[in-house]
Amino acid sequence: MKGKLLRLAAVRTPEGTRLHVRGKSGYVDVAKASGDDALVSLDALFAGGDEAWQHARDAATGEGVPVEPKDFGPVVDKPGKILCVGRNYREHALEGGVDVPTWPEIFVRFAESIVGPFDDIVKPSLSEKMDYEGELAVVIGTGGRYIPADRAMSAIAGYALLNDVSIRDWQRAATQWTAGKNWDATLPIGPELVTTDEVDIADLGLETRVNGTVVQSSRTSKMIFDIPSLVEFLSTFITLRPGDVIATGTPSGVGFARKPPLWLGSGDVVEIRVEGIGTIRNRVVAETNGPDTSRWQPLAGKDASVVQTPFRAAAQPASRS
Ligand code: ZN
């Protein structure tokens, strides 16, 4: 269906955010190049099927315009669901003081926290423990239910990068992670959706830098549950739909596990690269409209770098082969 590798982007223009594809030079507006006025978004591309994909491929042969980093919107901005894998790299599980999982640990984020791949991310005034998580993002193309691992690739549209920015004190204050994983403006995603046919994603280098210093460096081949397995697992309990995002987990080197911990503060710049896929880069800014005081002060005086997972021992399956 997808054919030749395409690099799709959501570009902010005076006419709104519009679907573009990387051309022979710059980026080409897919709707304008094809004459199909509906093709202004990734959702429209997914809905348009083979004909729409052909329009995108044709547009990619044209000459485009340069795009400034600030003009890249989130490559997916309103996914129906964002399914995240907690602890999908062995060293990251170990640095957090827990056993290497034998069963996928899934949590969810909502589209509300998404920002563009070069937009500012916002440090909440009610936290001093903002952390980064560089990850490869999978974007579903056709989706479905009970997708076997050996057919998973045909359900995927492509790949992007994301930073699963985590507010650790809010994450650790309870056993459910939702509150620490969904603050506004904490999920940059992009810069492009890279279709998969010509990129073997099984073994790509992934690197995160904070203010230019490498803090995470690993390879996608080190995932505990690889991408086909994740698609198979997730589609076992829920229908995957076009545009859904899977955050495939972060390697070791996150801020909370460092000695001393490395928390993000205003002015810091986080950059994530995945070989062959791209780079996202976001500056941290302090929240300006937060309350001065709040009834809700998680872990006041406690150490949020200590992982608190009281249910883990009971939830651990005895053995699996
Ligand atoms: Zn994560």
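Values in this text are rule-based calculations from the coordinates and carry no lab data. Please read all numbers here as calculations on a predicted model, not as lab measurements. Note that each Cβ is placed from the backbone with ideal geometry, even for glycine, and that neighbours are counted across all protein chains shown.
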At q = 0.07, 0.12, 0.16 Å⁻¹, base-10 log of I(q)/I(0) for the chain (Debye sum, equal scatterers on each alpha carbon): -0.27, -0.80, -1.36
Base-10 log of normalised Debye intensity for region 106-173 (one unit scatterer per alpha-carbon) at q = 0.19, 0.23, 0.28 Å⁻¹: -0.90, -1.11, -1.39
Go through Thr175, Thr195, Gly205 and say which Cα lies farthest out towards the positive end of the charge dipole of region 166-224; charges sit on Cβ, +1 for Lys and Arg, -1 for Asp and Glu. Thr175
Can you compute the modelled spin-label distance between Asp292 and Thr239, with each label point 7 Å from Cα toward Cβ, in nm? 5.2 nm
Region 226-287: relative contact order in percent, alpha carbon pairs under 8 Å with at least 6 residues between: 21 percent
Cα centroid distance between region 259-294 and region 200-232, in Å? 19 Å
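Counting pairs of alpha carbon atoms under 8 Å apart in space and at least six apart in sequence, what relative contact order in percent does the chain give? All intermediate terms of the calculation are to be shown ahead of the outcome.
Values: 786 pairs, mean separation 73.3, N = 321.
About 23 percent, as a whole number.
Within the chain, what percent of beta bridges assigned by DSSP are antiparallel, to the nearest 5?
If I count the DSSP bridges inside the chain, around 85 percent turn out antiparallel.
Would you calculate a helix-derived [θ] at 222 nm for the chain, using -39,500 (n - 2.57) for each DSSP H run of n ≥ 4 and dividing by the full residue count, to the nearest 500?
Numbers: 6 runs with 49 residues, N = 321.
Rounded to the nearest 500, it is -4000 deg cm²/dmol.
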FRET efficiency, Arg12 to Ala149 (Cβ-Cβ, R0 41 Å, nearest 0.05): 0.65
Which part of region 104-132 falls in the paramagnetic zone of Lys70, meaning amide N under 18 Å from the point 7 Å along Cα-to-beta-carbon? 115-122
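Would you please give the FRET efficiency between Lys259 and Asp197, computed as 1/(1 + (r/R0)^6) with r the Cβ-Cβ distance and R0 = 56 Å, to the nearest 0.05?
Values: r = 43 Å, r/R0 = 0.76.
In this case the efficiency is close to 0.85.
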